[in-house]
Each structure stands twice: as C-alpha cells, then as structure tokens.
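Below is one structure, written out as structure tokens; the observations come after it.
The values are calculated or read from the model by the stated rules, or taken from the named source; none is laboratory data. Keep in mind that what you see is a predicted model, and the values were worked out from it rather than measured. Methodologically, a virtual Cβ is constructed for each residue, glycine included, from the backbone with ideal geometry; neighbour enumeration extends over all protein chains shown. Only protein heavy atoms, including side chains, enter the accessible area calculation; ligands, DNA and RNA are left aside. Shrake-Rupley method; radii C 1.70, N 1.55, O 1.52, S 1.80 Å.
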Amino acid sequence: MKNVHSYGDSPLFQPLVLGDLRLRNRIVMSPMSRNRARADDLPTALMATYYTQRASAGLIISESAQVSPQGKGYRNSPGIYAADQVAAWKTVVDGVHAAGGVMFLQLWHAGRSSHPDLQPDGGMPVGPSAIRPAVEVFTDAGLKAAPTPRALELREIPVVIEQYRQAARNALAAGFDGVEIHAGNGFLLDQFLRDGANRRQDAYGGSIANRTRLLLEIVSAVGTIWPSHRVGVRVSPTATYGDIVDSDPGALYGHLVRELNRFRLAYLHITEGELLSTRESPGMDFSALREAFDGVVISNNCYGFQDAEDVVRSGSVGMVSFGRPYIANPDLVERLRRGVALSDFDPSTLHDGGARGYTDYPPIDQPPIAQPQTVSPQIDMTDNG
Ligand SMILES: Cc1cc2nc3c(=O)[nH]c(=O)nc-3n(C[C@H](O)[C@H](O)[C@H](O)COP(=O)(O)O)c2cc1C
C-alpha cells in the first residue's frame, strides 16, 4: 500500500470521544493473532514491546485471547483465564498506557475452529452443532484439519457464559481500557449466530432470536463487570472465514443490532465483505447496518488511507480499523499523517519467528533494526482471523 499525498488534516486524525475515553485519532489497530505467547498461554514481554510500539493508534484491540483452555484455536495464543496471565497482560497494558495509548482486550472462544492438540486433555473442540468446518488449524505440528466438534450440551452453556464473565473481570484486573467480544470470523459466537453452523433445536438454535441469544447473554454478563461504554462487539456478517455462512445475514444482523442497541455499547466493529479480500458483498447492505447501530461503528477490511478517510468523512462510521498495515508499520498514524509509503510485511513471520517480523519493523525516523524480507503481503487464510 502506498500513499503519495500527505493528509495531515484528515478527519482520521481528529480525536474521538468513545464513552468516557478520549481517543487521539480515529485509527484503530485491528486485532491480530501473532502467536508470540508462551505454550502455556502466558503473554510475553515481547508482546508488550510490540503493542507499545503501536500505541499511537487511537485504539489498540488486542489479538484474540481465549476465555478458557477450551476456547483455544491456535498455538501460542494468549489466555485471559488465569491469574498469571492477568499479571503478564498487565505488563503489556502498562507499556501501552505509558506511551499514551488506549487498549481493549479481545475476548475469544474458537469453538469448533480448533483441534484436540490444542484442547485440554486432547478433547474434542466444541460448537453449537456437530458440523465439521473445512478449516485447518495451526498446531505445534503444523496445520491440521479441524475434526467434527462435539455439540455443547445445554447445561454447558451457562459455564461458557461464566467463562466470559470471569475473563472480563480478569481484563479489568489487568488494566485494559475495555473489552471487545469477538463474535466474528467463524469462531464460537459466530457459530451460534449463523445457521450454516448452528442446527440446534433448543433455545440457542433455530430462530434468529434463539441464535443471537448466546451473544446477547454474554454481552449482559460482561456488562456486569464493565460499564457498557467500555464493551465493544465484533461481527463479520458475510465473511466465510471459518467455513461459515448464513442464509439471511441482513435479517440476522439487523435483529442483532437492534438488540445490541439496548446496551449502549462502546462500539460495533464490523468487518465488511470477505475477510482479507474485499468489502464487496452482494446481498448485504452494510450501510443500512451501520445506520441501524446507535453508536460508534468501527469499519474494517482492506482499507487504505483514502477510502478510510472518505468513510469517516461521510459520517457513517466513527473509526476505521487497520490490520495488515499495522504489521510492518508500527507508527502507522505518523506515516499516514506524513503521506509516506507503507512497508510490506514478511508473511513467513506472521505466526512464528519471535522478535523477527514482529518487533523489528522500525518506525520511519529510525534506521532498520533488522532487514526484514519484503515480499508481497499475501497471507495464508487458513491460520488467522
Ligand atoms: C495475521 C492476522 C491475524 C489476525 N487475527 C485476528 C484476531 O485475533 N482477531 C480478529 O478479530 N481478527 C483477526 N484478524 C483479522 C483482522 O483483525 C482484520 O479484520 C483483517 O486483517 C482485515 O483488515 P485489514 O484489511 O486492514 O488487514 C487477523 C488478521 C491477520 C492478518
């Protein structure tokens, strides 16, 4: 991605009041799993360096953090369910705060997009229904096909809700500024939402009201820990990442947004179109969805500077989130402000490599810390989201 103009006066650089938070600009660092946590789900000092380097974003949303051991869906992803994880996350958040940043934690349960290698005692991953997704999962032994999941029993659902509540409490203890509930990208809450993955015949399946129930109960539970203006929700209504579809996304997400409006959330984070490839989405009216939400919308997917500026200027979204541009451009805000070219990232170090391809991308005013291989940013859709 190249910028040839300087857009220093763009609305993207205007502050935004988000609930009781004042954000420095409208540029959000989108959540990105980079798999630099320890094998036992503990966040690392390297992660603190990485996020602190990116603290000039108006808002950082952390990579997915599993709310329970069962919620894990790739190797070396951080947890938010244990006391030592809270302490380790605190180091990350303290670094971001010391650099003037604001950071939310993304609460995640992978559901069926997992593998016994990643599950406690080698158990089967769980989902709303025993429907096997055509996805490959990033394990210690490489990519492995996800098996047919075990359908969660009705009596297990309150346990999952309590895991989210406890994870939200842990995020508060770690010092985060808020939490984002991940209900997109084919993970557990998305699996309950969309009828391609949810064939349940109880109160959590079937009608749209039933399929949205789990997410809404989790929003309520998290709202007992955090004020609602510190809670965001992420959705990806037409993304098929995770081998998931819905027969009527307009009706499903229209209903969901009307229900979410009752909570006065911090924001709704919407990935439009197909994740990582296009915002085009025949059959789904994303502008109507944005309009229907009474609050700040964060728009995502394949934005460059100009279209991000246009959409914020149009007033239909409050902020835009950038994922891939943040990988090799820790000072993305400054680069966009000055209109300098953005660096490409090395796809071979997206999910591996320690500091290499993670914390060694320099800001513009510094000489390169290392010489990352610069190749075109094609990435493997099988192992992130
Ligand atoms: C390496 C990588 C990891 C990702 N991990 C997550 C994640 O943990 N949680 C999430 O909600 N989205 C995740 N995503 C999706 C991004 O947040 C974002 O939606 C996507 O990259 C599209 O935005 P972009 O076009 O600005 O890159 C990931 C994307 C990439 C490239």
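Just a few scattered comments:
- Neighbourhood charge, 11 Å Cβ-Cβ cut-off, centred on residue 285 and excluding it, Lys, Arg +1 and Asp, Glu -1: -1
- Length gained on full extension, residue 173 to residue 153, computed as 0.36 nm times the residue gap minus the Cα-Cα distance: 4.1 nm.
- Global geometry of region 11-383, whether rounded, prolate or oblate, following the gyration tensor of its Cα atoms and the 1.5 cut on a/c: rounded
- Calculated FRET efficiency for the pair residue 141/residue 294, C-beta based, R₀ 45 Å, to 0.05: 0.45
- Shape class of region 1-155 from the Cα gyration tensor (axes a ≥ b ≥ c, square roots of the eigenvalues): prolate, since a/c reaches 1.5 or more and a/b is larger than b/c.
- Between 255, 311, 276, the Cα set farthest toward the positive side of the dipole of the chain (charges on each charged residue's Cβ, about the Cα centre) is that of 255.
- Nitroxide proxy distance, nm - points 7 Å out along Cα→Cβ at residue 201 and residue 17: 5.3
- Taking the centroid of alpha carbons for each part, region 346-363 and region 219-251 are 30 Å apart.
- Accessible heavy-atom area order of 72, 90, 144, highest first, probe of 1.4 Å: 90, 144, 72
- Coupling constants for region 243-250 follow from the phi torsions by the Karplus curve (6.51 cos²θ - 1.76 cosθ + 1.60, θ = phi - 60°), and in residue order they are 6, 9, 9, 10, 6, 8, x, x Hz; glycine and proline get x.
- Assigned charges on the beta-carbon of Lys, Arg, Asp, Glu; the chain dipole about Cα centre (debye): 520
- Computed magnitude of the charge dipole of region 1-116 (debye, nearest 20; Cβ of K, R +1, Cβ of D, E -1): 300
- Per-atom-type breakdown for region 173-247 gives carbon and sulfur 49% of the accessible area (1.4 Å probe, protein chains only).
- Remark: accessible surface ordering of 349, 52, 91 (largest first) is 91, 52, 349, probe radius 1.4 Å.
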